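Accompanying notes for the structure given below.
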Amino acid sequence: MGNFFKMIVICFTIISFTNIAKSEVTYSCWNCMMLGIDGEGNLEGARVDYNAKGGPDIAVTNYPYGDYLQALQLNMISGTSDDLMAFQVGAMINQYAEYLEDLTPYCEKEWGANWKDKFLAVGIDQVTVDGKLVALPQVMSAAGALWYNQTILDQYNLSVPTNWDEWISVSNTLKDNGVIGFMHGAKDSWVNYDMFIGIANELDPGVIYEAEAGNASWTHDSLVKAMSMWGEMFSNGIMQEGALGNSQYPDTHQGFTSGNAAMMTMGTWNNFSTFTNEGLKGSKASYGFSEDFKYGITGLPDMNGDGKHGRLFASPDVSIGMSASSSNKDEAWKALKIIIEDLQPTYARDLWVPSMNGVPFDMSDATSDFAKAALEYELGMIENAYGKREFIYAEIKTALGDAMQNVAVGNMTALEAMEMVEEASQSVKR
Amino acid sequence: MFKNKSNFVDVIYILPAFIFITIFFFYPIGYIFGISFYEWNGISQNRTYVGLENYRDFFTDKIALKSLINQFLWGVITILSQMFLGLGMAILLRSQARFKIIYKLIFFFPNVIAVAVVAYVFNKIYDNNFGELNLLLESIKLNFLTHPWLGDPNTALYALMIANIWQWTGFSFLLYHAGMTQINEELYESARIDGANLFAIVKNIIIPLLKPTHIALLILGVIGTLKTFDIIYLTTKGGPARSTEFLSTYIFQKGIMEFKASYASTMALMIVVIALILTILQVKGYNRK
């Protein structure tokens, strides 16, 4: 009798495990957009909305970015990848394209032949590799904006810089008063790329993308000038001293948000922590300040003399692909559809830029009318955005990062640096 | 097959270790050796055979050379400093100082802190604008000495060396302290009767008799240097301008960030070769009379 009972228990256990294995969708990511569980075991943020939408059971594994890259690589080549995985567009997603399901048939079945109209075009372009739709963009991130602290500027009777000379002048005036004018985490390559793309697109829009594609040289006059201006920022007073030792997060973010720096370059992903009551509360608690500042957003100052500030450029912040070897594709698609489409209002509530058309920012938790005005202005800039953030080729990315640091420390001239990038570009197999 | 039962028993004893080492040491090394002859992103099912191209690239790679130089400087300065300071602290504590236990705890405490915490703390201390070091210098009117310690390629590596020395000197101290307890007290007494001062005792008794400890610390130090990754990655990420790049961080960048698994494997293999050569030299030095 005892053995019979044990057999029944074992059978039930096996059956229940089999059912879990069949129905539960697995999703790994480095930035799960709150599709997770908090430290006390409670579902949080978008996960609550996901469940409310009737999403299939989902097991979310959130990694720090570096760990995620290693885990993804290992899981993929060992055939144990999750059903859904987050990707950064550009170099990263290109490497994994062969392992990812083509999502076009799923999209056509779900949304019809004109499904692309539902998404921002720039997002879909960057998740398409050799004609195959390898992922869908969850949210977008637009960079190339100058964030400023109006409270500090008012204190010193200064205005937001509208051109290069004003940028230098305002930064130096603040510096003379013991305040950091513009703060930048030049230790981090990603924010340096943002700055370089911003300058390059302001000087001569699109040349940088032509160079990336191999249709123009990286030693093009406008790109050399962009590199030269980047280098000048370290000696003309725009950059804070020791910028190469600072990271963008947390150093610069902390310096700016807590009122120790008047300006920084940042993007839409930072909206939540600055412009919402909930996000700012977290920033204040983390950084230990209590003052309320008036934060604003504008484009990079005019550098080509046309009187207009720089335009933003955008890429999917996170895109999600489905493993081609998943044995659970129907459920995985159901989950993906909810994460991509149904949760857009949730992301918009946290002031992420939606990847789908027609989903407005939800400013109900904005800290002030000044913050709302800044967000409205940002939205206008997003509509006028030009170009992308992410590079396709890792070699070019690395070479550009090295070039920028070498120019910043004075090891290379702008031309030498761009020659180095061009050399890397020529070694790329396109 | 076996001449006697004793040989068979020997093999049985060795077998578990042999299997373990084969699976976790020889196989991975063989694997990375194999893929070092290919061009491969570490992900794709397709690899392209390129022969010795990765090795040729390694020996002409200026960043790899810079990383090796950085690592060499790091090894020499940090290992010798930790040994010198650790020995000094052990000698001072040998005297009849009060609160010995407290001193030992204080000396050893940094050793048990996670490297991630040390990296975070020193990152804050060295910050140019809000860091404690520059604020301290300003407060004692030494403004001219304030500096972007981690933001200047001329100082970043040395600033990180100080963090490393601070953390690991306690380990050297502990080993030297343990080693000194093994030295017969009568030797010290005899030396004192013969009129030897502290310097003579250190030079003629302590340093020679602690030779096994010196060798152990050297070997551990060299291995630690070759494995150093976290403090660099968490503070400077190898910058500014590669001034703190190590082979380990460069391998991570190439293999994980740039998807050049085969070239990263080539560099990893080079680290194994370097570690092997250095260890053989050290063991030979130890065995020399």
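Test B:Tyr286 against the criterion of being among the aromatic types (Phe, Trp, Tyr), in a helix (DSSP H, G or I), surrounded by 13 or more Cβ atoms within 10 Å (Cβ to Cβ) and within 13 Å of chain A (Cβ to nearest Cβ), and give yes or no. Spelling it out, it is not the case that B:Tyr286 is among the aromatic types (Phe, Trp, Tyr), in a helix (DSSP H, G or I), surrounded by 13 or more Cβ atoms within 10 Å (Cβ to Cβ) and within 13 Å of chain A (Cβ to nearest Cβ).
Taking the conditions (1) within 14 Å of another protein chain (Cβ to nearest Cβ); (2) within 16 Å of A:Lys397 (Cβ to Cβ); (3) among the hydrophobic types (A, V, I, L, M, F, W, C) in turn, A:Val179 satisfies each one other than (2).
B:Leu136 meets each of the listed conditions (1) of a type outside the set (S, T, N, Q); (2) farther than 21 Å from B:Ser81 by Cβ; (3) at pLDDT below 95; (4) surrounded by fewer than 16 Cβ atoms within 10 Å (Cβ to Cβ) apart from (3).
The rows are residues; the columns are (1) more than 25 Å from the chain's Cα centre (by Cα); (2) facing another protein chain (nearest Cβ under 8 Å); (3) of a type in the set (D, E, K, R).
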site	(1), (2), (3)
B:Asn111	no, no, no
B:Val115	no, no, no
B:Ala119	no, no, no
B:Tyr126	no, yes, no
B:Gly131	yes, no, no
B:Leu135	yes, no, no
B:Ile140	yes, no, no
B:Leu150	no, yes, no
B:Pro153	no, yes, no
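Tell me, please, whether a residue that is more than 27 Å from the chain's Cα centre (by Cα), modelled with pLDDT under 85 and over 25 Å from A:Lys337 (Cβ atoms) can be found in the stretch A:35-42. Checked the stretch A:35-42: at least one residue is more than 27 Å from the chain's Cα centre (by Cα), modelled with pLDDT under 85 and over 25 Å from A:Lys337 (Cβ atoms). Counting residues in the stretch B:187-199 that are within 12 Å of chain A (Cβ to nearest Cβ), exposed (fewer than 13 other Cβ atoms within 10 Å of the Cβ) and not acidic (Asp, Glu) gives zero. Evaluating A:Ala285 against the criteria (1) surrounded by fewer than 19 Cβ atoms within 10 Å (Cβ to Cβ); (2) among the hydrophobic types (A, V, I, L, M, F, W, C); (3) assigned to a loop (DSSP other than H, G, I, E, B) leaves one unmet condition, (3). Residue check: B:Ser36 meets all listed conditions (1) modelled with pLDDT of 95 or more; (2) over 26 Å from the mean Cα position of the chain (by Cα) but one, namely (2).
Residues are listed down the side, and each one gets a yes or a no for (1) more than 21 Å from the chain's Cα centre (by Cα); (2) farther than 28 Å from B:Pro208 by Cα; (3) surrounded by 12 or more Cβ atoms within 10 Å (Cβ to Cβ); (4) of a type in the set (A, V, I, L, M):
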| site | (1), (2), (3), (4) |
| --- | --- |
| B:Asn7 | yes, yes, no, no |
| B:Ala17 | yes, yes, no, yes |
| B:Ile43 | yes, yes, yes, yes |
| B:Thr60 | yes, yes, no, no |
| B:Ala64 | no, yes, yes, yes |
| B:Gly75 | no, no, yes, no |
| B:Leu80 | no, no, yes, yes |
| B:Leu87 | no, no, yes, yes |
| B:Ile91 | yes, no, yes, yes |
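Within the stretch B:206-232, the residues that satisfy the criterion of being assigned to a helix (DSSP H, G or I) and in contact with a Phe, Trp or Tyr (Cβ under 7 Å, 6 or more places away or on another chain) are B:Thr213, B:Ile215, B:Thr225, B:Ile232. If you check B:Lys203, B:Lys237 for being part of a loop (DSSP other than H, G, I, E, B) and at pLDDT below 95, only one passes: B:Lys237.
Restricting attention to the stretch A:165-219, the residues that are closer than 23 Å to A:Gly267 by Cβ and of a type in the set (S, T, N, Q) add up to 4.
Among the candidates A:Ser189, A:Ser171, single out the residue that is in contact with a strand residue (DSSP E or B) (Cβ under 7 Å, 6 or more places away or on another chain) and among the hydroxyl-bearing types (Ser, Thr, Tyr).
So the residue among A:Ser189, A:Ser171 that is in contact with a strand residue (DSSP E or B) (Cβ under 7 Å, 6 or more places away or on another chain) and among the hydroxyl-bearing types (Ser, Thr, Tyr) is A:Ser171.
Restricting attention to the stretch B:84-112, the residues that are touching a residue at least 24 places away in the same chain (Cβ under 8 Å) and either within 25 Å of B:Pro148 (Cα to Cα) or basic (Lys, Arg) (or both) total 3.
Of everything in the stretch A:80-116 that is aromatic (Phe, Trp, Tyr) and more than 15 Å from A:Lys329 (Cβ to Cβ), the residue that is surrounded by the fewest Cβ atoms within 10 Å (Cβ to Cβ) is A:Trp111. Taken over the stretch A:389-402, the criterion of being more than 10 Å from chain B (Cβ to nearest Cβ) and among the aliphatic types (A, V, I, L, M) is satisfied by A:Ile392, A:Ile396, A:Ala399, A:Leu400. Let me spell it out: the conditions are (1) in contact (Cβ under 8 Å) with a residue 40 or more places away in the chain; (2) surrounded by fewer than 16 Cβ atoms within 10 Å (Cβ to Cβ), and A:Pro360 meets all of them except one. Which number is the exception? Going through the list (1) in contact (Cβ under 8 Å) with a residue 40 or more places away in the chain; (2) surrounded by fewer than 16 Cβ atoms within 10 Å (Cβ to Cβ), A:Pro360 breaks only (1). Would you mind stating whether A:Thr413 is within 12 Å of chain B (Cβ to nearest Cβ) and either surrounded by fewer than 22 Cβ atoms within 10 Å (Cβ to Cβ) or aromatic (Phe, Trp, Tyr) (or both)? Taking the combined requirement at face value, the residue does not satisfy it.
Evaluation of B:Leu52 against the conditions (1) surrounded by 14 or more Cβ atoms within 10 Å (Cβ to Cβ); (2) touching a residue at least 12 places away in the same chain (Cβ under 8 Å) shows that the sole unmet condition is (1).
Residues that are hydroxyl-bearing (Ser, Thr, Tyr), free of Cβ contacts under 8 Å to residues at least 40 places away in the same chain and either within 23 Å of A:Tyr393 (Cα to Cα) or away from chain B (no Cβ under 12 Å) (or both) within the stretch A:55-111 comprise A:Thr61, A:Tyr63, A:Tyr65, A:Thr80, A:Thr104, listed in sequence order.
Whenever a residue of the stretch B:211-236 is within 30 Å of A:Ser189 (Cβ to Cβ) and within 14 Å of chain A (Cβ to nearest Cβ), its partners that are surrounded by fewer than 19 Cβ atoms within 10 Å (Cβ to Cβ) and aromatic (Phe, Trp, Tyr), lying with C-beta atoms within less than 9 angstrom and at least six residues away or across chains, give the pairs B:Leu234/B:Tyr120; B:Thr235/B:Tyr120. Figure legend. Inter-residue proximity from the stretch B:174-190: first residues modelled with pLDDT under 95, second residues surrounded by 16 or more Cβ atoms within 10 Å (Cβ to Cβ) and charged (D, E, K, R), beta-carbon distance below 7 Å, spacing 6+ or different chains. Indicated pairs: B:Met180/B:Arg94. Residue pairs whose Cβ atoms lie under 7 Å apart, sitting 6 or more positions apart in sequence or on different chains, and linking a residue in the stretch B:4-31 that is polar (S, T, N, Q) to a partner that is surrounded by 11 or more Cβ atoms within 10 Å (Cβ to Cβ) and in a helix (DSSP H, G or I), do not occur here. Considering the stretch B:4-47, and only residues there that are outside any helix (DSSP H, G or I) and more than 12 Å from every other protein chain (Cβ to nearest Cβ), the residue that is nearest to B:Leu269 (Cα to Cα) turns out to be B:Ser36. Evaluation of B:Ala261 against the conditions (1) away from every other protein chain (no Cβ under 14 Å); (2) of a type in the set (A, V, I, L, M, F, W, C); (3) within 21 Å of A:Leu72 (Cβ to Cβ) shows that the sole unmet condition is (1).
Run down B:Val76, B:Val50 and say which single residue is farther than 24 Å from A:Ser81 by Cβ, modelled with pLDDT of 95 or more and within 14 Å of chain A (Cβ to nearest Cβ). Explain how you work it out, then say what you get.
Values: B:Val76 fails: within 14 Å of chain A (Cβ to nearest Cβ).
On inspection, the qualifying residue turns out to be B:Val50.
Scanning the stretch A:204-218 for residues that are surrounded by fewer than 19 Cβ atoms within 10 Å (Cβ to Cβ) and touching a residue at least 60 places away in the same chain (Cβ under 8 Å) yields A:Asp204, A:Pro205, A:Gly206, A:Ala213, A:Gly214, A:Ser217.
The values are calculated or read from the model by the stated rules, or taken from the named source; none is laboratory data. Remember, it's a predicted structure, so these values are computed and weren't measured experimentally. Neighbour counts run over all protein chains shown; Cβ positions are idealised from the backbone, glycine included.
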